[in-house]
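Worksheet: the structure to be examined is printed underneath.
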Amino acid sequence: MMKLLMEDKCYTDICLHGKWFHHDHGETSAYMLGSRQTFELGFMPTTDEELEACLEPIAKSQLLS
């Protein structure tokens, strides 16, 4: 488990189920790269595992679209 740095300009790009997402650390949302569609995460993830857990159901739902 890695903690996300809560500093300006820190971000994580992550690929789940073939969909790429961008999350700015310290925010409660993420967007899908290429579409700029924004998704609310419900809380501010502080670790990579929390971020992945938030985005997993969103990525799965995008497979159906």
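Assorted remarks:
- Over the Cα atoms of the chain, the radius of gyration divided by the Kirkwood radius equals 0.94; this is the Rg/Rh ratio.
- Put a dot 7 Å past the Cα of residue 28, heading toward its Cβ, do the same for residue 46, and the two dots end up 1.6 nm apart.
- Label positions at residue 37 and residue 10, each projected 7 Å from the Cα along the C-beta direction, are separated by 2.9 nm.
- Neighbours of residue 49 by Cβ distance under 12 Å: Lys/Arg scored +1, Asp/Glu scored -1, total -3.
- Dipole magnitude of region 1-59 about its Cα centre (Cβ charges: Lys, Arg +1; Asp, Glu -1), debye to nearest 20: 200
- Helix 48-63 vs. the chain, principal-axis angle (Cα, 0 to 90°, nearest 10): 20
Every read-out reported here was derived from the displayed coordinates using simple, explicitly stated rules and does not represent laboratory data. Everything numeric in this text was worked out from a predicted model, so none of it was measured. Heads up, the Cβs are rebuilt from the backbone with ideal geometry, glycines too, and the neighbour counts pull from every protein chain shown.
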